[in-house]
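**Student:** Handing you this structure, nothing more for now.
The values are calculated or read from the model by the stated rules, or taken from the named source; none is laboratory data. Computed from a prediction, not measured in an experiment: that's the story for all the values here. Cβ sites come from the backbone with ideal geometry, for glycine too, and all protein chains shown count toward neighbours. Areas reflect the complete protein model, heavy atoms only, side chains present, ligands, DNA and RNA absent. Shrake-Rupley method; radii C 1.70, N 1.55, O 1.52, S 1.80 Å.
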Amino acid sequence: MKKVISFAIPVYNEEDNILDVYNDVCKVMDEMCPNYQYEFIFTDNRSEDGSVQILSELGGMDPRVKVLSFSKNYGYQKSIITGYSYASGEAIIQLDCDLQDPPSMVPIFIKKWEEGNDVVYGIRGKRDEGFFIRNIRKGYYRFISKVSSD
């Protein structure tokens, strides 16, 4: 039996991105990771655009799609935690719906997980942001590196 990979995807006003992330993940998984089954857990954080309608239609077309709609906006972190709690896969990959996290990295993450790593995360090489935010991020990743094992 194939292992299941769960994709936890928080959503807030992402009507222009939902189908793109869905299609990109499907393409990567079908072409590059055919030995795995996969599911989507979309957590809608009370979007004010057409996101809920698109998610509802997608869930009706594809049984791998779970849609959780919040009664109010609980925030990004709550969306992630909720997605994790409803995932049924052996591994969970969290992606942002706006494709800031490229699905093309998924095979690399799965490979690292299959090598025995409990947690795999990516670090973006370059961002267009100010001095303050850039240094906060660097400090965060230095901290993660110190408390993590290789």
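**Student:** In the range 1-22, which residues are open to solvent by 20 Å² or more (accessible area, probe 1.4 Å) and not basic (Lys, Arg)?
**Tutor:** Passing the criteria: 1, 4, 12, 13, 14, 15, 16, 17, 19, 20, 22.
**Student:** Applying the selection to the range 23-33, what residues are open to solvent by 30 Å² or more (accessible area, probe 1.4 Å) and not basic (Lys, Arg)?
**Tutor:** 23, 24, 30, 31, 32
**Student:** I need a count of the residues in the range 56-75 that are in a helix (DSSP H, G or I) and surrounded by 13 or more Cβ atoms within 10 Å (Cβ to Cβ).
**Tutor:** 4
**Student:** Select from the range 68-106 the residues that are without any contact (Cβ under 8 Å) to a residue 60 or more places away in the chain, more than 11 Å from residue 45 (Cα to Cα) and of a type in the set (Val, Ile, Thr) and list them in ascending order.
**Tutor:** The one that is without any contact (Cβ under 8 Å) to a residue 60 or more places away in the chain, more than 11 Å from residue 45 (Cα to Cα) and of a type in the set (Val, Ile, Thr): 81.
**Student:** Got a number for residues in the range 31-60 being of a type in the set (A, V, I, L, M, F, W, C), within 30 Å of residue 111 (Cβ to Cβ) and out of contact with any Leu (no Cβ under 6 Å at 6 or more places or on another chain)?
**Tutor:** Qualifying residue count, the range 31-60: 6.
**Student:** Let me ask another. Looking only at residues in the range 125-150 that are outside any helix (DSSP H, G or I) and farther than 21 Å from residue 102 by Cβ, which one is modelled with the lowest pLDDT?
**Tutor:** 150
**Student:** Residue by residue through the range 76-103, note down the ones that are open to solvent by less than 70 Å² (accessible area, probe 1.4 Å), out of contact with any Leu (no Cβ under 9 Å at 6 or more places or on another chain) and outside any loop (DSSP other than H, G, I, E, B).
**Tutor:** 80, 91, 92, 93, 94
**Student:** Scanning the range 34-55 for residues that are assigned to a strand (DSSP E or B) and open to solvent by less than 40 Å² (accessible area, probe 1.4 Å), which turns out farthest from residue 103 (Cα to Cα)?
**Tutor:** 44
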